[in-house]
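Engineer: Structure below; questions to follow.
The numbers here are math on the coordinates, done by the rules we state, and not lab data. Source: prediction; values computed, not measured. Using ideal geometry, Cβ is built from the backbone for each residue, glycine included, and neighbour counts are taken over all protein chains shown.
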Amino acid sequence: MFLSLFHRYNVKTDYDERLLELVNDLKEDWDHDQQTQRAVADGKVDQDLELETQLAKQKYFFIYQEARIRQVRNHTIQSSVINHDSETFE
């Protein structure tokens, strides 16, 4: 019985780590799509690009909400939070 509880803990920990990696990856994708949308010349954003950005945002918030429900905590700071010019937090 003890091994069964220990095994379940390791499986939960493993999936929590995967969930955190997915949250971080989706946040990076969303940030990249936002930067691409802002960088489009003449301010004429293609509808496909806008929809892609909205989809990336919705994916991120869906997985982020799942992480909140599971009470998963991240012990690292995402690179998008750090201002690399002055090395301070935004």
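Engineer: Computed FRET efficiency, Cβ-Cβ of Gln65 and Lys12, R0 22 Å: what is it to the nearest 0.05? Numbers along the way, then the final one.
Structural biologist: Details: r = 18 Å, r/R0 = 0.83.
Taking R0 as 22 Å, the efficiency between Gln65 and Lys12 is 0.75.
Engineer: Order 47-58, 19-30, 64-75 from most to least packed using the mean count of other Cβ atoms within 10 Å.
Structural biologist: Details: 47-58: 13.3, 19-30: 16.8, 64-75: 11.3.
Highest to lowest by the protection proxy: 19-30, 47-58, 64-75.
Engineer: Roughly what would the spin-label model give for Val40 and Lys57, points 7 Å off Cα along C-beta, in nm?
Structural biologist: That separation, rounded to one decimal, is 1.3 nm.
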